[in-house]
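J.: For reference, the structure I am asking about is given below.
The values are calculated or read from the model by the stated rules, or taken from the named source; none is laboratory data. Not measured: the values here are computed from a predicted model. Counting neighbours? That spans all protein chains shown, and the Cβs are built from the backbone with ideal geometry, glycine included.
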There are 2 protein chains.
Amino acid sequence: MHTGKTAVAEYLRGLQQRITSTLEGVDGGARFRADAWQRPGGGGGESRVLRDGRLLEQGGVGYSHVMGQGLPPSATLERPELAGAGFEAMGVSLVLHPWNPYVPTTHLNVRFFIAEKDGQPAAWWFGGGFDLTPYYPFAEDVRHWHRVARDACAPFGADVYPRYKDWCDRYFHLKHRGETRGVGGLFFDDLSAWGFERSFEFLRAVGDAFLAGYLPIVERRRDTPYGERERQFQLYRRCRYAEFNLVYDRGTTFGLQSGGRAESILMSLPPLVRFEYDWHPEPGSPEARLYSDYLRPRDWLGEAGA
Amino acid sequence: MHTGKTAVAEYLRGLQQRITSTLEGVDGGARFRADAWQRPGGGGGESRVLRDGRLLEQGGVGYSHVMGQGLPPSATLERPELAGAGFEAMGVSLVLHPWNPYVPTTHLNVRFFIAEKDGQPAAWWFGGGFDLTPYYPFAEDVRHWHRVARDACAPFGADVYPRYKDWCDRYFHLKHRGETRGVGGLFFDDLSAWGFERSFEFLRAVGDAFLAGYLPIVERRRDTPYGERERQFQLYRRCRYAEFNLVYDRGTTFGLQSGGRAESILMSLPPLVRFEYDWHPEPGSPEARLYSDYLRPRDWLGEAGA
């Protein structure tokens, strides 16, 4: 396991570096500011944040590698008996909030956990995924996103994409709104059944696919003209992102429960958010189509998209 | 208990009415919109929201009276054995978000719970309180606020104000920030030890004191000139309100857990919020003084304030 752990850490650091340098090039207006931090309970990380760019209103790409006693219950869905174990966790987590409401918000996370009890290795597992949150969606963009997700999963079995796509729809679900957070993508957790090498290979497939999923959508939509109406709708819809991350998200909960660095955990939150009581879109409007056609689980690659 | 329950419901409806009509007069620019709603699981309520007033950017004053099976664990701190019981809950809850950053945000809640097991009345209790969240605070305002709180508690014993003031400081605490939400006030829960009549009298004392605490501060500060700097700081500090309500607040958690009406529960959230990575005030600035002098528990009535 030690060799494996080092290789995962190296992959994750490299992924953070590749993504941030690519995004700086794509943004063309601002650079990431990097903050290295130490965690009092053990370990640390590096948060990179880009603000007020040409493309991105805010983007945060964090690497963390922390360890300690007392694995929080939020860390594992399937192994409740490990709550309280000694643990080591490493991951890359990213959320991008573009200015243009025609460019979706997106999120990627890839992570590796090791739990120990009584000084013995008890378990290890991988988790992660990526998902897309459009404001004014285009079906062709969503199909492209899901094709990239499917292709990343394909070498690991034809059942992998549908399973992790469904899990993503179930996970990024705002129960109190009866809405998905966006149009989904992939979500997986507690992955160890394939053995270390193959599971790690899958993690890399997901991490490496992310930019290929997101950047073509950015290029297609970043110059779409928009006005105050689209901006206000974007600010309003961002309230769902804040609600999801603060109420439901296990990464956020895990971070806050495990004494993580609050600024790094909360850099996923949108830079500006509108909450409005009982707002509803005009029937038949583009805003209404987001709700009716996109914020529910759909089979994006069923027919035309395949 | 049935007579008591009706009297509490009448008091709460009357309190909502008194507060909203007074606030409309004080605001002078907008009226509350009232929405009656039914809860599928049983009961309902009426939400009143004022937006874009002269004083208030948003104010929400909600009345709810709901009942059902399966009391959520968030409903009672001291009676975990009642989780899952049949329950009836009624309350008034308000949050006011003014435009002017020199006028504090404020919150009031008064509530009454009844739990039943096996068809038998198992327990009843009162809870509630009020607290104040300034952006650019004035010590005299905070002392006035706490004097009103202390005077409301005084007829119930000299130990009541210090006890519920401390509870308020502990409850409205953002653990991940190491900050209180504001300058506190009163918080109490699971109150039944005084018997029904006296406990209900205390609830009324708290509910009736609220406007006497808040309105003099409004009148002193509402015409204070401010600019973009103060507005931006207000928008930034509102992120703490959103974080507290979505991560920690038991009223929000109870509402969402018990299948409450999401729009009514979330109308406490600020209308516009800025999240900013790792922002810190300039040392020595008015913004820094909020953190150093106000966002930690203090004895406001110790010497000069008494």
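J.: What residue, of B:297, B:216, is in a helix (DSSP H, G or I), surrounded by fewer than 17 Cβ atoms within 10 Å (Cβ to Cβ) and not charged (D, E, K, R)? Give the steps one after another, and end with the answer.
T.: Values: B:297 fails: in a helix (DSSP H, G or I).
On inspection, the qualifying residue turns out to be B:216.
J.: Pick from the range B:235-275 the residues that are assigned to a loop (DSSP other than H, G, I, E, B) and more than 14 Å from the chain's Cα centre (by Cα): which of them is farthest from residue B:51 (Cα to Cα)? I'd like the intermediate steps shown before the answer.
T.: Of the range B:235-275, the ones assigned to a loop (DSSP other than H, G, I, E, B) are B:249, B:258-261, B:269-271, B:275.
So of that shortlist, the ones also more than 14 Å from the chain's Cα centre (by Cα) come out as B:258-261, B:271, B:275.
Details: B:258: 27, B:259: 26, B:260: 22, B:261: 19, B:271: 9, B:275: 22 Å.
So, considering only residues that are assigned to a loop (DSSP other than H, G, I, E, B) and more than 14 Å from the chain's Cα centre (by Cα), the one farthest from residue B:51 (Cα to Cα) is B:258.
J.: Count, please, the residues in the range A:69-89 that happen to be part of a helix (DSSP H, G or I), surrounded by fewer than 18 Cβ atoms within 10 Å (Cβ to Cβ) and of a type in the set (Gly, Ala, Ser).
T.: Going through the range A:69-89, the residues part of a helix (DSSP H, G or I) turn out to be A:73-75, A:80-82.
Those left that are additionally surrounded by fewer than 18 Cβ atoms within 10 Å (Cβ to Cβ): A:73-74, A:80-81.
Checking which are of a type in the set (Gly, Ala, Ser) leaves us with A:74.
Going through the range A:69-89 one residue at a time, the tally reaches 1.
J.: If we keep just the residues of the range B:56-89 that are touching a Gly at 6+ places or on another chain (Cβ under 7 Å) and within 27 Å of residue B:104 (Cβ to Cβ), which is nearest to the other protein chains (Cβ to nearest Cβ)?
T.: Per the criteria, the residue is B:62.
J.: Which condition number does residue B:111 fail, the rest of (1) among the charged types (D, E, K, R); (2) in a strand (DSSP E or B); (3) more than 15 Å from residue B:206 (Cα to Cα) being met?
T.: Every listed condition holds for residue B:111 apart from (3).
J.: Would you confirm, using the coordinates I've provided, whether residue A:269 is at the interface with chain B (Cβ under 9 Å from one of its Cβ atoms) and either free of Cβ contacts under 8 Å to residues at least 24 places away in the same chain or among the aliphatic types (A, V, I, L, M) (or both)?
T.: Yes, satisfied.
J.: Then there's this: Which one of B:66, B:61, B:92 is more than 26 Å from residue B:236 (Cα to Cα), under 18 Å from the mean Cα position of the chain (by Cα) and either part of a strand (DSSP E or B) or polar (S, T, N, Q) (or both)? Lay out the reasoning, then the answer.
T.: Details: B:66 fails: under 18 Å from the mean Cα position of the chain (by Cα); B:61 fails: more than 26 Å from residue B:236 (Cα to Cα).
None of the other options fit; the residue is B:92.
J.: Can I ask one more? Hey, among B:161, B:171, which residue is at pLDDT 95 or above, over 13 Å from the mean Cα position of the chain (by Cα), hydroxyl-bearing (Ser, Thr, Tyr) and over 22 Å from residue B:9 (Cα atoms)?
T.: B:161
J.: Going residue by residue through the range B:210-230, is there one that turns out to be within 19 Å of residue B:8 (Cβ to Cβ) and acidic (Asp, Glu)?
T.: Taking the range B:210-230 and keeping what is within 19 Å of residue B:8 (Cβ to Cβ), we get B:210.
Those still in the list that are acidic (Asp, Glu) too: none.
No: the range B:210-230 contains no residue that is within 19 Å of residue B:8 (Cβ to Cβ) and acidic (Asp, Glu).
J.: Do any residues in the range B:178-194 that are over 25 Å from residue B:139 (Cβ atoms) have Cβ atoms under 6 Å from those of residues that are among the acidic types (Asp, Glu) and at pLDDT below 95, where the two are at least six apart or on different chains, and which pairs are they?
T.: Pairs found: B:190/B:78.
J.: Still on this structure, I have one more. Could you go through the range A:205-225 and let me know if any residue there is within 30 Å of residue B:269 (Cα to Cα), out of contact with any Ser or Thr (no Cβ under 9 Å at 6 or more places or on another chain) and modelled with pLDDT of 95 or more.
T.: Looking through the range A:205-225, none of the residues is within 30 Å of residue B:269 (Cα to Cα), out of contact with any Ser or Thr (no Cβ under 9 Å at 6 or more places or on another chain) and modelled with pLDDT of 95 or more.
J.: Would you check which residues across the range B:220-234 are part of a helix (DSSP H, G or I) and either out of contact with any helix residue (DSSP H, G or I) (no Cβ under 9 Å at 6 or more places or on another chain) or in contact (Cβ under 8 Å) with a residue 60 or more places away in the chain (or both) and list them?
T.: B:220, B:221, B:228, B:230, B:231, B:232, B:233, B:234
J.: Report whether or not residue A:237 is out of contact with any strand residue (DSSP E or B) (no Cβ under 7 Å at 6 or more places or on another chain), more than 18 Å from residue A:172 (Cβ to Cβ) and touching a residue at least 12 places away in the same chain (Cβ under 8 Å).
T.: Details: out of contact with any strand residue (DSSP E or B) (no Cβ under 7 Å at 6 or more places or on another chain): yes; more than 18 Å from residue A:172 (Cβ to Cβ): no; touching a residue at least 12 places away in the same chain (Cβ under 8 Å): yes.
When the stated conditions are applied, residue A:237 does not pass them.
J.: Would you check if residue A:263 is in contact (Cβ under 8 Å) with a residue 40 or more places away in the chain, surrounded by fewer than 22 Cβ atoms within 10 Å (Cβ to Cβ) and either touching a His at 6+ places or on another chain (Cβ under 9 Å) or away from chain B (no Cβ under 13 Å) (or both)?
T.: No: the conditions fail for residue A:263.
J.: Whether any residue in the range A:217-240 is over 22 Å from residue A:144 (Cα atoms) and β-branched (Val, Ile, Thr) is what I want to check.
T.: No, the conditions are met nowhere in the range A:217-240.
J.: Let me confirm something: among A:131, A:189, which residue is in contact with a Cys (Cβ under 7 Å, 6 or more places away or on another chain), charged (D, E, K, R) and closer than 27 Å to residue A:14 by Cα?
T.: Working: A:189 fails: in contact with a Cys (Cβ under 7 Å, 6 or more places away or on another chain).
Checking each option against the conditions leaves just A:131.
J.: Pick from the range A:276-294 the residues that are of a type outside the set (Asp, Glu) and in a loop (DSSP other than H, G, I, E, B): which of them is nearest to the other protein chains (Cβ to nearest Cβ)?
T.: Across the range A:276-294, the extreme among qualifying residues is A:277.
J.: Assess whether residue A:278 counts as being of a type in the set (Asp, Glu) and over 23 Å from residue B:173 (Cα atoms).
T.: Yes; evaluated as a whole, the condition is true for this residue.
J.: So in the range B:78-123, with the set limited to residues that are aromatic (Phe, Trp, Tyr) and under 21 Å from residue B:249 (Cα atoms), which one is modelled with the highest pLDDT?
T.: Ranking the candidates gives B:112 first.
J.: While we're here: Determine which member of the set A:131, A:166 is in a strand (DSSP E or B) and of a type in the set (Asp, Glu).
T.: Of A:131, A:166, the one residue that is in a strand (DSSP E or B) and of a type in the set (Asp, Glu) is A:131.
J.: Kindly indicate the residue of the range B:31-42 that is more than 11 Å from chain A (Cβ to nearest Cβ) and surrounded by fewer than 18 Cβ atoms within 10 Å (Cβ to Cβ) and also modelled with the lowest pLDDT among those meeting that condition.
T.: B:41
J.: Those residues that are in a loop (DSSP other than H, G, I, E, B), within 17 Å of residue A:265 (Cβ to Cβ) and in contact with a strand residue (DSSP E or B) (Cβ under 9 Å, 6 or more places away or on another chain), I need them from the range A:21-50; list them, please. Please lay out each step first, then the result.
T.: Step one: of the range A:21-50, the residues in a loop (DSSP other than H, G, I, E, B) are A:28-32, A:39-42.
From the residues that got through so far, the ones that are within 17 Å of residue A:265 (Cβ to Cβ) too are A:39-42.
Correct list: A:39, A:41, A:42.
J.: Now a separate question. Could you figure out which of (1) under 29 Å from residue A:64 (Cα atoms); (2) free of Cβ contacts under 8 Å to residues at least 12 places away in the same chain isn't true of residue A:284?
T.: Failing condition for residue A:284: (1).
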